[in-house]
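For reference, the structure is listed below as structure tokens.
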Amino acid sequence: MNLTSDKSGVPGRQLAWLMAACLMADQFVCPTMQWQQPLTAQWAVLGFALQCLLIYALFWLTKNYGEGLNQCLIARVFLLGSLVISLAVELTQGQRFYETVQSSVLGMGSFLIVVFAVAFYGVYAGLGALSRTAFILVILSGVSLLFLAISLLEQLRFTNLQPDTLSIKPIWNGFIHQASLPTELLIWPLFAAKNKNKQGFFFGNVVLGLFAMGMFLAILGEMALGEVYFQQEQPVFTIARLGGISVFRRLDALHASVWLMLFLIKTTVYCFAAVQLMEGFNWKLSRHAPFFITVAAVLIVFVTQRKAVEPWLFFAQQAGLLTAGVSAAIWSAFHRKGGCKQ
């Protein structure tokens, strides 16, 4: 199957569920490539609000660059490189989370086999199947959050909240703590094909929902643990282990299973985007060759990055995404004027 031959894509509403599932994954399986510093809920929420506003503003600048991302060689190369780095780091984050939440741990090789087997099936099942699965996972995640809040009712204390006088520096620090250019920002226009006039509306709803969830988790976590919440490696799972409902004292395993599925669909979507970009090079490859080339590249980065300094990977990923977006924008501008046709 040639993924790029499917020009119909998926409707904007379904794509919104897919991107929502990917963006939600970082709320539970915490990123390792961002600035780490102690925060309070107040500053975390305000910083996250600035981050969400920035993401939405950038979306309006990039939402019409899908053709540029598919056609401009520079944009394809840099986006593909960023996706490979992103996948390698996602594997590291997912494996760390899995080790945290499971008492009996799969070996590294077994973990990678499971992840790539799921990705292989998802990539060739198609974007429509992935979006329908994402819808179910988003609903399950919402239910998970509801039960998480209920299970923590006895643990919550308003006195744990850390109010402070409003000032610019803590807000800026909170923004820097959250700041990153999400890969989904460029994957969205790459996938979008239908309802182009409503893409901004759907993406806006995704960002609004993401902010609401981030605010909810920050306040819930601080009410449960105080400032210590933001110092945890996996803060949401930490508070999940504290809660219980009636005789059900270990709901954290159920929460973790849903969050791990979000991680799996995110890695699958990244693989899908990488395969789509690779097929755009028009190499004479067999049907599944782009997927296996992607896997090989990801494994190379995955093995080497475990000895690297993670901030450098973060900067490389962000630089690649920024270069891809700017290249696609320039290509689109010239293309519309008839000055750069391919």
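Observations on the structure shown:
- 2 or more residues among the acidic types (Asp, Glu): qualifying helices (runs of 4 or more DSSP H) within the range 42-134: 73-101
- Qualifying residue in the range 78-98 (condition: out of contact with any Cys (no Cβ under 7 Å at 6 or more places or on another chain), closer than 15 Å to Phe191 by Cβ and of a type in the set (D, E, K, R)): no
- Pairs linking a residue in the range 105-128 that is at positive phi and without any contact (Cβ under 8 Å) to a residue 60 or more places away in the chain to a residue that is open to solvent by less than 20 Å² (accessible area, probe 1.4 Å) and not hydrophobic (A, V, I, L, M, F, W, C), with Cβ atoms under 8 Å and 6 or more positions apart or on different chains, do not occur.
- Flag if Thr133 is more than 23 Å from Gln232 (Cβ to Cβ), open to solvent by 40 Å² or more (accessible area, probe 1.4 Å), in contact (Cβ under 8 Å) with a residue 60 or more places away in the chain and hydroxyl-bearing (Ser, Thr, Tyr): yes
- Summed over the range 151-186, the residues that are outside any loop (DSSP other than H, G, I, E, B), among the small types (Gly, Ala, Ser) and at pLDDT 70 or above give a count of 1.
- Residue that is modelled with the lowest pLDDT [pool: residues in the range 12-23 that are of a type outside the set (Phe, Trp, Tyr) and open to solvent by 40 Å² or more (accessible area, probe 1.4 Å)]: Arg13
- Screening the candidates Ala273, Ala297, Ala253 for the property of being out of contact with any helix residue (DSSP H, G or I) (no Cβ under 7 Å at 6 or more places or on another chain) and part of a helix (DSSP H, G or I) yields one hit, Ala253.
- Any hit, the range 306-319, residues being surrounded by 12 or more Cβ atoms within 10 Å (Cβ to Cβ), more than 21 Å from Gly94 (Cα to Cα) and not aromatic (Phe, Trp, Tyr): yes
- Criterion applied to Ser286, Ser332, Ser327 was being on the phi < 0 side of the Ramachandran plot and not in a helix (DSSP H, G or I), and the one residue passing it is Ser286.
- Lys194 vs. criteria open to solvent by 20 Å² or more (accessible area, probe 1.4 Å), modelled with pLDDT under 85, in a loop (DSSP other than H, G, I, E, B) and not small (Gly, Ala, Ser): yes
To keep it simple, each residue is scored yes or no on (1) among the basic types (Lys, Arg); (2) over 26 Å from Met19 (Cα atoms); (3) at pLDDT below 90.
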position: Ala224; (1), (2), (3): no, yes, yes
position: Val228; (1), (2), (3): no, yes, yes
position: Glu233; (1), (2), (3): no, no, yes
position: Phe237; (1), (2), (3): no, no, yes
position: Ala240; (1), (2), (3): no, no, yes
position: Met261; (1), (2), (3): no, no, no
position: Thr268; (1), (2), (3): no, no, no
position: Cys271; (1), (2), (3): no, no, no
position: Gly280; (1), (2), (3): no, no, yes
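- Leading residue by the ranking (modelled with the highest pLDDT) among those in the range 1-11 that are part of a loop (DSSP other than H, G, I, E, B) and surrounded by fewer than 16 Cβ atoms within 10 Å (Cβ to Cβ): Asn2
The values are calculated or read from the model by the stated rules, or taken from the named source; none is laboratory data. These figures come from a predicted structure and were not determined experimentally. Glycine also receives a Cβ, built like all others from the backbone with ideal geometry; neighbour counts cover every protein chain displayed. All accessible areas refer to the heavy atoms of the entire protein, side chains included, with ligands and DNA or RNA removed. Shrake-Rupley method; radii C 1.70, N 1.55, O 1.52, S 1.80 Å.
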